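Colleague: Quick one: the structure is below, questions incoming.
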């Protein structure tokens, strides 16, 4: 609770750091912030060209884009959060700076981009005939769920990466495995039932499916309490472990950074 109070008290500083982080990522490129939109749209176009055959019902591109935006938000948070301590060593050495804020800064900067993506999805869904309703509001629930999952992984990886930089490669492999196990370009009906059990243990399965249920396939999250339990139980345990390990390692960061 103390961390939440500190985050709220220092919300202005967090926002300023997040804006700086966002500008820094695209500084010096010709298209600047446009790259943040071009990259996922190109990825979706490529996946559409390869996997659209055999899709049943609806607009496959929008179906694909909804999942891809959700996935890329979580992946961006995890990548940035995992490297947040190593990349901001000058802040780690400042005695008055709360190092725990750094993974949260990455989440805030990623959320700024994601807000634009969510708005784009809502507009696109409405234009293709998906009527917005109360169910559309639950996208904020799944957004929050994805944020906590990303933070749990980021806190664990960020603290450990100070001492073992090779973990950056491990994080990339982890994200690739999550990508393959997330229903971004495949449907449940395309997999054997015995595989689906394991795929549904992937936290991104819950998040991506939830985004689609919010915008394209109206269904409320409380209609499937088992899926919610499968997601929240390990995520909250991971988040608690991440916070605990991060705090234990924090006093040694300045010596190894």
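Colleague: Would you tally the residues in segment 128-147 being part of a helix (DSSP H, G or I) and either touching a residue at least 40 places away in the same chain (Cβ under 8 Å) or over 18 Å from residue 72 (Cα atoms) (or both)?
Modeller: To start, the set of residues in segment 128-147 that are part of a helix (DSSP H, G or I) comprises 134-147.
Checking which are either touching a residue at least 40 places away in the same chain (Cβ under 8 Å) or over 18 Å from residue 72 (Cα atoms) (or both) leaves us with 134-139, 141-143, 145-147.
Summing the residues that are part of a helix (DSSP H, G or I) and either touching a residue at least 40 places away in the same chain (Cβ under 8 Å) or over 18 Å from residue 72 (Cα atoms) (or both) in segment 128-147 gives 12.
Colleague: Quick check, is residue 214 in contact (Cβ under 8 Å) with a residue 12 or more places away in the chain and under 27 Å from residue 124 (Cα atoms)?
Modeller: On the way: in contact (Cβ under 8 Å) with a residue 12 or more places away in the chain: yes; under 27 Å from residue 124 (Cα atoms): yes.
Here the answer is yes, as residue 214 does meet what is asked.
Colleague: Quick check, is residue 116 farther than 22 Å from residue 238 by Cβ, assigned to a helix (DSSP H, G or I) and in contact (Cβ under 8 Å) with a residue 60 or more places away in the chain? Full working, then the answer.
Modeller: On the way: farther than 22 Å from residue 238 by Cβ: yes; assigned to a helix (DSSP H, G or I): yes; in contact (Cβ under 8 Å) with a residue 60 or more places away in the chain: yes.
Taking the combined requirement at face value, the residue satisfies it.
Quick grid of which residues meet (1) loosely packed, with under 13 Cβ neighbours inside 10 Å; (2) touching a strand residue (DSSP E or B) at 6+ places or on another chain (Cβ under 8 Å); (3) at pLDDT below 90:
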| residue | (1), (2), (3) |
| --- | --- |
| 118 | no, no, yes |
| 122 | no, no, yes |
| 146 | no, no, no |
| 154 | no, no, no |
| 165 | yes, no, yes |
| 170 | no, no, yes |
| 182 | no, no, yes |
| 186 | no, no, yes |
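Colleague: Filter segment 245-257 down to the residues that are part of a helix (DSSP H, G or I) and more than 15 Å from residue 98 (Cα to Cα) and list them by number.
Modeller: 245, 255, 256
Colleague: Residues to consider are 157, 168, 125; find the one that is more than 23 Å from residue 106 (Cα to Cα) and either touching a residue at least 40 places away in the same chain (Cβ under 8 Å) or under 13 Å from the mean Cα position of the chain (by Cα) (or both). It would help to see each step written out before you state the result.
Modeller: Details: 157 fails: more than 23 Å from residue 106 (Cα to Cα); 168 fails: more than 23 Å from residue 106 (Cα to Cα).
Result of the check over 157, 168, 125: 125.
Colleague: Taking residue 184, is it closer than 20 Å to residue 71 by Cα, touching a helix residue (DSSP H, G or I) at 6+ places or on another chain (Cβ under 7 Å), assigned to a loop (DSSP other than H, G, I, E, B) and in contact (Cβ under 8 Å) with a residue 60 or more places away in the chain?
Modeller: Numbers: closer than 20 Å to residue 71 by Cα: yes; touching a helix residue (DSSP H, G or I) at 6+ places or on another chain (Cβ under 7 Å): yes; assigned to a loop (DSSP other than H, G, I, E, B): yes; in contact (Cβ under 8 Å) with a residue 60 or more places away in the chain: yes.
It is true that residue 184 is closer than 20 Å to residue 71 by Cα, touching a helix residue (DSSP H, G or I) at 6+ places or on another chain (Cβ under 7 Å), assigned to a loop (DSSP other than H, G, I, E, B) and in contact (Cβ under 8 Å) with a residue 60 or more places away in the chain.
Colleague: Continuing with this model, one more query. Hey, among 175, 204, 237, which residue is surrounded by fewer than 12 Cβ atoms within 10 Å (Cβ to Cβ), under 22 Å from the mean Cα position of the chain (by Cα) and part of a helix (DSSP H, G or I)?
Modeller: Working: 175 fails: surrounded by fewer than 12 Cβ atoms within 10 Å (Cβ to Cβ); 204 fails: surrounded by fewer than 12 Cβ atoms within 10 Å (Cβ to Cβ).
Checking each option against the conditions leaves just 237.
Colleague: Scan segment 71-98 for residues that are at pLDDT below 85 and crowded, with 24+ Cβ neighbours inside 10 Å and jot them down.
Modeller: Quick first cut of segment 71-98, residues at pLDDT below 85 only: 84-98.
Residues satisfying the conditions are 84, 85.
Colleague: Given the conditions (1) under 18 Å from the mean Cα position of the chain (by Cα); (2) without any contact (Cβ under 8 Å) to a residue 60 or more places away in the chain; (3) part of a helix (DSSP H, G or I), which single one is not true for residue 229?
Modeller: Every listed condition holds for residue 229 apart from (1).
Colleague: Separate question: If I filter segment 187-201 down to residues being farther than 21 Å from residue 146 by Cβ and in a loop (DSSP other than H, G, I, E, B), which single residue comes out as farthest from the chain's Cα centre (by Cα)?
Modeller: For segment 187-201, the residue satisfying everything is 192.
Colleague: Here is a follow-up. Can you tell which of 47, 7 is surrounded by 13 or more Cβ atoms within 10 Å (Cβ to Cβ), under 20 Å from residue 73 (Cβ atoms) and modelled with pLDDT of 70 or more?
Modeller: Result of the check over 47, 7: 7.
Colleague: Right, here's the next one. Scan segment 10-25 residue by residue and report those that are surrounded by 14 or more Cβ atoms within 10 Å (Cβ to Cβ) and modelled with pLDDT under 75.
Modeller: Selection gives 10, 22, 25.
The values are calculated or read from the model by the stated rules, or taken from the named source; none is laboratory data. Since we're looking at a predicted model, the values are computed, not measured. Here the Cβ is made from the backbone with ideal geometry for all residues, glycine too, and neighbour counts use every protein chain on show.
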